[in-house]
Amino acid sequence: MRAISHFIDGSSVSAGPQARRGDVYDPNIGRQQAWVELADAAMLERAVASAKAAQPAWAAMNPQRRARVMFEFKRLIEANMDALAHLLASEHGKVVSDAKGDIQRGLDVVEFACGVPHLMKGEYTEGAGPGIDVYSLRQPLGVAAGITPFNFPAMIPLWMLAPAIACGNAFILKPSERDPSTGVRLAELAIEAGLPPGILNVVHGDKVVVDAILDHPDIKAVSFVGSSDIAQQVYARGAAAGKRMQCMGGAKNHGIVLPDADLDQTVADIMGAAYGSAGERCMALPVVVPVGEATAEALRAKLIPAIEALRVGVSTDAEAHYGPVVSAAHKAKIEQYIQMGVDEGAELVIDGRGFKLQGHEDGYFLAPTLFDRVTPDMQTYQDEIFGPVLQIVRAPTVEAAIDLASKHQYGNGVAIFTRNGDAAREFVSQVEVGMVGINVPIPVPVSYHSFGGWKRSGFGDLNQYGMDGIRFFTRTKTVTARWPKGGPVTDQSFVIPTLR
Ligand code: NAD
């Protein structure tokens, strides 16, 4: 069986047969396809030692030369897009076209990081006082680490590692142990692109190595993306150890549909956002909130045939809209949520349970599910289900709809579907959610803005990529300089210096 090892100092590293292992499945066939080695603190120590040794020379290299490595990294990812997408899809289960989107959104951040000479430029004030100039510069932190979820095995590692290494840090990636191969392949390509060994290491594992990362004194910053409870624990532990932390959590994004929305376009948008990647996206749209009963009825009438026309298939089926979910355990959890929804009194309009894909009966497939008349008190509304399950929550007014999204524990993304600019503007202003779409169902910001949610969707204050990514992986040093001109010595002063 294929073994997936760590990647340290430019090559594959194993602790040998005594190492703990995790099973890696192919969700399309429901069978184990590989095992991945799970690191302990000693393996992390090797990765940190290699990163620490390599980082000073990388940071000292001029930023344009570091940018050239990033350009070559981008070219190599593009050249390997097809193979990478198949590898990613075989462990995650998303369809290959969507896997390419996953890689492309990460590639956008690599492209952004190619601008690092400009992005790291500081600020300068000439003559801030008599003969005094003030300037600030950005310096890398040293060694940083990233801990990533299963659902975007390329995009999220690239969100973190591209700005981190472009800014002159060394980076240790701890990918999800459920689909670990893409992270390793990306690191191999980075080395092929000219990145010095040690600047990007990949260490696999579970809580054991995550805790070792959080406690390690030589790791200065940790970026985490995953579920909220773990994000919060990771944030607290890392912050207590004095690290810079950014921890993105779960989501339950609402799509609010006003009576004047273009319903055909809205339904087309909701379908992809609710069911794409089997709903396993933190920016999925698992809740739609039609405003008014007439809108609810019209929306429901259009959603039903659109859902019935969806095709569920294996990752390599070019016609499939989405593939299997990631694991048998996750499939069982989604099915339990569907039963809970029934028990709580929601109306199960379309039941996706019990679906078997012919020829792939053991794959982790679920047909799409639709619930109507879901209410805010239901557990199935409050929790993130992370599967192909869409819930309709009817709201009497636009204010009630905004209130729903604002009061939800998660605040990652939200969308409004309307032709009314005034209503949309008010919505943007009022809603307590970090990323807002106006007639855009999945408002993941482009790579030169930043990604981050509010409330239990994000812990820490700097978002992913864009200028926040550069800020997170650098620290600012501010210099106040005066060069001696000669002449009389100025008087001693025991008062805090001021400029008048
Ligand atoms: P997860 O929380 O189970 O795992 C995330 C990472 O944490 C993995 O690398 C995992 O190995 C590690 N981990 C797991 N248990 C741990 C523990 N007890 N202590 C320390 N580390 C631990 O998340 P997942 O199931 O891989 O991913 C899905 C979740 O991620 C969803 O909740 C989704 O909304 C969220 N997500 C959020 C964003 C965002 O940007 N807000 C993006 C993608 C996914």
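The values are calculated or read from the model by the stated rules, or taken from the named source; none is laboratory data. Since this is a predicted model, take the numbers as computed values, not measurements. Please note: Cβ atoms are built from the backbone with ideal geometry, for glycine as well, and neighbour counts cover all protein chains shown.
What to note about this one:
For every residue, the table says whether it meets (1) within 16 Å of the ligand (Cβ to nearest atom); (2) surrounded by 16 or more Cβ atoms within 10 Å (Cβ to Cβ); (3) under 26 Å from ALA320 (Cα atoms).
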residue	(1), (2), (3)
GLY359	no, no, yes
ALA367	no, yes, yes
GLN382	yes, no, no
ILE385	yes, yes, yes
ARG394	no, yes, no
LEU404	no, yes, no
ASN420	no, no, no
ALA424	no, yes, no
VAL433	yes, yes, no
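- Residue in segment 118-130 that is assigned to a helix (DSSP H, G or I) and on the phi < 0 side of the Ramachandran plot present: yes
- Among the residues of segment 128-149, those identified as of a type outside the set (A, V, I, L, M) and either within 16 Å of the ligand (Cβ to nearest atom) or at pLDDT below 95 (or both) are GLY129, PRO130, GLY131, GLY146, THR148, PRO149.
- Any chance LEU119 is buried (at least 19 other Cβ atoms within 10 Å of the Cβ), closer than 19 Å to ILE470 by Cβ, within 23 Å of the chain's Cα centre (by Cα) and not charged (D, E, K, R): yes
- Screening PHE152 on (1) out of contact with any Leu (no Cβ under 8 Å at 6 or more places or on another chain); (2) farther than 18 Å from GLN55 by Cα; (3) more than 16 Å from the ligand (Cβ to nearest atom) shows it passes everything except condition (3).
- The set of residues in segment 447-500 being of a type in the set (A, V, I, L, M, F, W, C), within 21 Å of ALA164 (Cα to Cα) and assigned to a loop (DSSP other than H, G, I, E, B) consists of LEU462, PHE473.
- Qualifying residue in segment 36-52 (condition: in contact with a Pro (Cβ under 8 Å, 6 or more places away or on another chain), assigned by TED's automatic domain parsing to the domain that holds GLY198 and either touching a residue at least 24 places away in the same chain (Cβ under 8 Å) or not in a loop (DSSP other than H, G, I, E, B) (or both)): yes
- If you go through segment 165-178 and pick out every residue that is near the ligand (Cβ under 9 Å from one of its atoms) and assigned to a loop (DSSP other than H, G, I, E, B), you end up with 4.
- Considering (1) surrounded by fewer than 16 Cβ atoms within 10 Å (Cβ to Cβ); (2) touching a residue at least 12 places away in the same chain (Cβ under 8 Å), the lone condition that GLU399 does not fulfil carries the number (2).
- Options ALA154, ALA128, ALA170; residue that is in contact (Cβ under 8 Å) with a residue 60 or more places away in the chain, farther than 30 Å from LYS331 by Cα and buried (at least 24 other Cβ atoms within 10 Å of the Cβ): ALA170
- Scanning segment 72-102 for residues that are more than 20 Å from ARG178 (Cα to Cα) and aliphatic (A, V, I, L, M) returns LEU76, ILE77, ALA79, MET81.
- Looking only at segment 253-278, and only at residues there that are more than 11 Å from the ligand (Cβ to nearest atom) and among the hydroxyl-bearing types (Ser, Thr, Tyr), the one that is surrounded by the fewest Cβ atoms within 10 Å (Cβ to Cβ): THR266
- The residue of segment 456-497 that is farthest from VAL116 (Cα to Cα), among those that are among the basic types (Lys, Arg) and away from the ligand (no atom under 11 Å from the Cβ), is LYS485.
- Qualifying residue in segment 470-482 (condition: surrounded by fewer than 21 Cβ atoms within 10 Å (Cβ to Cβ), modelled with pLDDT under 95, of a type in the set (Lys, Arg) and more than 23 Å from GLY226 (Cβ to Cβ)): yes
A quick yes/no check of all residues on (1) near the ligand (Cβ under 9 Å from one of its atoms); (2) assigned to a loop (DSSP other than H, G, I, E, B); (3) without any contact (Cβ under 8 Å) to a residue 12 or more places away in the chain:
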site	(1), (2), (3)
THR182	no, no, no
LEU195	no, yes, no
GLY205	yes, yes, no
ASP211	yes, no, no
LEU214	yes, no, no
GLN233	yes, no, yes
GLY242	no, yes, yes
ALA251	yes, yes, no
